[in-house]
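Notes to accompany the following structure.
The values are calculated or read from the model by the stated rules, or taken from the named source; none is laboratory data. Because the structure is a prediction, the values reported are computed rather than measured. All Cβ positions, glycine included, derive from the backbone under ideal geometry; neighbour counts span all protein chains shown. Side chains are part of the model used for accessible areas, which takes the heavy atoms of the whole protein and leaves out ligands, DNA and RNA. Shrake-Rupley method; radii C 1.70, N 1.55, O 1.52, S 1.80 Å.
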Amino acid sequence: MFATLLLEVGNTAWKVAAYRPHQQPEFLQRGYGFEALKAYLQQQVFADLALASVAASELTDNLRQFAQQQNKKLVIAETQAGFGIAHCYANPSTYGVDRWLTLLAARAAQTNAIIIDAGTAVTLDVMDDQGRHLGGWISPGFKLMQEALLQRSSKLRVATQAPSETLGTSTENAVYLGCQAALRGFVEQALQQSQPKLADTRTVVYLTGGDLDLIPEETFERFVYQVQRRPHLVLEGLSRWFEQRPE
């Protein structure tokens, strides 16, 4: 039995982890769609469900109804002031909860942090070692870039596997490689533009999101940063929020 389950719901997939007080969450499952999520949760024995969602509000409403039916307590994380983070947004509530939770996770190390989340969207967030959020970027993610091209032309196709060539010798490969190059360029520019904003102290680059494998190690070789691949960084932040939230 788990006293509390942590649930991250993104634009594409959902993830579930077990909450462990003062420890890293234990990742349990990833899936797609509300019906699959409901079926999974019905198989688990737990008391509380902590939710972080950037999906449509309809899904949150469905989860509220499910929690009531199952006699479970549902707590929902929302971006807010405090927790050792000074937002640069004039209205912190407009800042995505998934991005905010990655800041919470990174804040534990008390170092400069560059956070890159490569998912449906690819996002950058920069925070100094005092917890000051300096801003960031949002761009279409790898798959979203491909989908945008495919929607504009019925003649375009995209490779389903990474091509072995560096320049596409077919339209399918050219689309895949071009979108991959755009993602890598985002990362390289993020690191380059973040560098002058941070004091000359230890900086950690946190990489998270489903498309991490598209960012090769050599991207970081010319930067003196410690790089950590943390695929469940949002869940880590959700765990910290759940632990520190006012009752």
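Pairs are defined by a Cβ separation below 6 Å, a sequence spacing of at least 6 or placement on different chains, a first member in the range 217-238 that is under 11 Å from residue 24 (Cα atoms) and in contact (Cβ under 8 Å) with a residue 12 or more places away in the chain, and a second member that is open to solvent by 10 Å² or more (accessible area, probe 1.4 Å) and not hydrophobic (A, V, I, L, M, F, W, C); the pairs so defined are 235/8; 235/25.
Of all residues in the range 202-247, those being under 13 Å from residue 119 (Cα atoms), in contact with a Leu (Cβ under 6 Å, 6 or more places away or on another chain) and modelled with pLDDT under 95 number 1.
Evaluated against (1) open to solvent by 60 Å² or more (accessible area, probe 1.4 Å); (2) modelled with pLDDT under 95, residue 60 falls short on exactly one condition, (1).
Of the residues screened, residue 84 is not one that is in contact (Cβ under 8 Å) with a residue 12 or more places away in the chain, open to solvent by less than 30 Å² (accessible area, probe 1.4 Å) and of a type in the set (Gly, Ala, Ser).
Residue by residue, here is whether (1) hydroxyl-bearing (Ser, Thr, Tyr); (2) on the phi > 0 side of the Ramachandran plot holds:
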| site | (1), (2) |
| --- | --- |
| 38 | no, no |
| 43 | no, no |
| 53 | yes, no |
| 60 | yes, no |
| 83 | no, yes |
| 90 | no, no |
| 96 | no, no |
| 103 | no, no |
| 122 | no, no |
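Take the residues in the range 1-38 that are of a type in the set (Gly, Ala, Ser) and in contact with a Gly (Cβ under 9 Å, 6 or more places away or on another chain); name whichever of them is surrounded by the fewest Cβ atoms within 10 Å (Cβ to Cβ). Going through the qualifying residues, I end up with 13.
Scan the range 1-56 for residues that are farther than 21 Å from residue 237 by Cβ, part of a loop (DSSP other than H, G, I, E, B) and either in contact with a Pro (Cβ under 6 Å, 6 or more places away or on another chain) or polar (S, T, N, Q) (or both) and jot them down. Answer for the range 1-56, where residues must be farther than 21 Å from residue 237 by Cβ, part of a loop (DSSP other than H, G, I, E, B) and either in contact with a Pro (Cβ under 6 Å, 6 or more places away or on another chain) or polar (S, T, N, Q) (or both): 43, 44. Checking the conditions here, which among 160, 166 is touching a Leu at 6+ places or on another chain (Cβ under 8 Å), over 27 Å from residue 5 (Cα atoms) and in a loop (DSSP other than H, G, I, E, B)? Result: 166 is the single residue among 160, 166 that is touching a Leu at 6+ places or on another chain (Cβ under 8 Å), over 27 Å from residue 5 (Cα atoms) and in a loop (DSSP other than H, G, I, E, B).
Cβ separations smaller than 7 Å between residues 6+ apart or across chains give the following pairs from the range 132-149 residues that are part of a strand (DSSP E or B) to residues that are surrounded by fewer than 17 Cβ atoms within 10 Å (Cβ to Cβ): 132/86; 133/86; 133/88; 134/88; 134/197; 135/88; 140/148. Would you tally the residues in the range 179-196 being modelled with pLDDT of 90 or more and open to solvent by 40 Å² or more (accessible area, probe 1.4 Å)? Looking only at that region, the number is 7.
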